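Quick notes on the structure that follows.
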Amino acid sequence: MKSKRRKVLKKVIFQPQKLKETIVKLLLGYGIHQSHAEVVSDVLIEAELCGLNSHGIRTLTGHLKHLEAGGYNLKPQFGIINSGGAFLVFDGDNAMGFVSAYHGMELAIKGAEEKGIFTVFSRNNNTFGPGFYYSSLAAKKGFIGIAMSNSPAAMAPWKGKDKLLGTNPISIAIPVSDGVPIVLDMASSQVAKSRINEFFMKDQPLPQGWAMDSQGHQTTDPEKAINGLMMPMAEHKGYAIAMMIDILAGVLSGSAYLNKVGKFYKEVSNGMKVGFLFVVIDPKQVFCEEFYDTMKQYREIIKKSSPLDFNNPVRLPGDTKEDNRRKNTENGLIIDQAIIDAINGYLIMNGKETRLEG
């Protein structure tokens, strides 16, 4: 694979809290409400802390382009469209996806406090970034949290080559008595499409089996993958999971679905019409208070089970994110200089005074 792109070598170290405050200041300059700016900043920094760099600071320029183009509604109303005994549907009103998703999970938590189980659907949204952030909001309060979203088409149906399905993510967070939840967070593709951009920037080939070109042939070239197709995780099973999430979060909420969902990077002046689904379960009401200690025992049984390699003990979903969070909180966030340069260059071009500085 030949390319003129330069490899990213230089890194910058940021203190998480300082970077979070800088992003809030930056967003306030675009007219975003203080509380909304704090949510957006917190989501981006949590993604970086947990090692999910593909959903962190590198996406900021894309969101700034939407703000410059008027692609986000900065004063959303979040009106209730429909409701029943243990569910509601609200309009995301084309807000930044972080903001409407945070609101949706808050509604689901409040509903579960009363009903035991509560489901929230939302239409007319934009991308919400890392799904684990929202499911973990519930787990921090002792609830089981489930978050799903559909996304712009990036995959073909199994055995096909038409780009119809998103890499639709799902996250489930299970609270445990010691405060460290078990967290599933995954795309229904082999990897989230944003991971491809990391390899593209570094001029590195993709692992085999991640993507196909536009003709449906497997490729390790990130440029061909960006213009081509993501491969579903677990072959036909990932395709089926992506479809179910698209139906539950997209069709059922009244949102766009399949290839009708807007593109984040290409359609900056228009809303994406993404659909969300949040489910929150109060285990105390469904089971009993013993649930949390039971889950601690459950986790210990798994972790103490015999590994194939005793140098690599058995781990649970979310362990790597938690390890990354501890390390990055202590040592600071290491971010590619090229990403910071791109963001600061965009800010200079648009006459903004705030800069990201390590």
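Count Lys and Arg as plus one, Asp and Glu as minus one, and take only other residues whose Cβ is under 11 Å from that of GLY166; the net charge is then +3.
Given +1 on the Cβ of Lys and Arg, -1 on the Cβ of Asp and Glu, and no further charges, what dipole in debye does the range 195-254 carry about its Cα centre, rounded to the nearest 20? Kindly include the intermediate steps, with their values, before the conclusion.
Values: 4 positive and 7 negative charges, 29 e Å.
Charge dipole, the range 195-254, about its Cα centre: 140 debye, nearest 20.
Packing, taken as the mean count of other beta carbons within 10 Å per residue, orders the peptides 94-105, 243-254, 284-295 from highest to lowest as 94-105, 243-254, 284-295.
Need the C-alpha centroid separation for the range 121-183 versus the range 73-90, integer Å. Each part reduced to its Cα centre gives a spacing of 19 Å.
If r is the Cβ-Cβ distance from GLN297 to ILE348 and R0 is 56 Å, what FRET efficiency results, to the nearest 0.05? E between GLN297 and ILE348, to the nearest 0.05, is 0.55. Computed from label points 7 Å out along Cα-Cβ, the spacing between ASP341 and LYS25 is 2.3 nm. For the range 265-358, the spread of Cα positions along the three principal axes, ordered from largest to smallest, is 56, 38, 24 Å.
How large is the helix-only mean residue ellipticity at 222 nm for the chain, computed as the sum of -39500 (n - 2.57) over DSSP H runs with n ≥ 4, divided by its residue count, in deg cm²/dmol to the nearest 500?
Details: 12 runs with 132 residues, N = 358.
Counting only the DSSP helices, I get -11000 deg cm²/dmol.
In this rough spin-label picture, where each label sits 7 Å from Cα along the Cβ direction, the HIS33-LYS141 distance is 1.7 nm. For each pair in LYS75/LYS352; LYS202/LYS266; LYS11/LYS321; LYS159/LYS296, compute the distance between the two Cα atoms and list the pairs where it is over 31 Å. Beyond 31 Å between Cα atoms: LYS159/LYS296. Counted by Cβ distance under 14 Å from PHE87, the other residues give a net charge of +2, where Lys and Arg count +1 and Asp and Glu count -1.
Shown here are the Rg and Dmax of the Cα trace of the chain, at 20.2, 60 Å. If I take R0 = 22 Å and measure r between the Cβ atoms of ASP323 and ALA234 in this structure, what FRET efficiency does the formula 1/(1 + (r/R0)^6) give, to the nearest 0.05? Efficiency computed from Cβ-Cβ geometry: 0.30.
Sorted largest first by accessible area at a 1.4 angstrom probe radius, with every protein chain in place, the residues ASP309, ASP213 fall in the order ASP309, ASP213. Element breakdown for the range 200-240 at a 1.4 angstrom probe: carbon and sulfur atoms account for 51% of the accessible area. Rolling a 1.4 angstrom probe over the protein heavy atoms with all chains in place gives the chain an accessible area of 48 Å² per residue.
Annotation: for a label point projected 7 angstrom from Cα along Cα→Cβ of VAL314, residues of the range 168-208 with backbone N closer than 17 Å are 182-183.
The values are calculated or read from the model by the stated rules, or taken from the named source; none is laboratory data. Computed from a predicted model, the values in this text were never measured in an experiment. Virtual Cβ from ideal backbone geometry, glycine too; neighbours counted across all protein chains shown. Side chains are part of the model used for accessible areas, which takes the heavy atoms of the whole protein and leaves out ligands, DNA and RNA. Shrake-Rupley method; radii C 1.70, N 1.55, O 1.52, S 1.80 Å.
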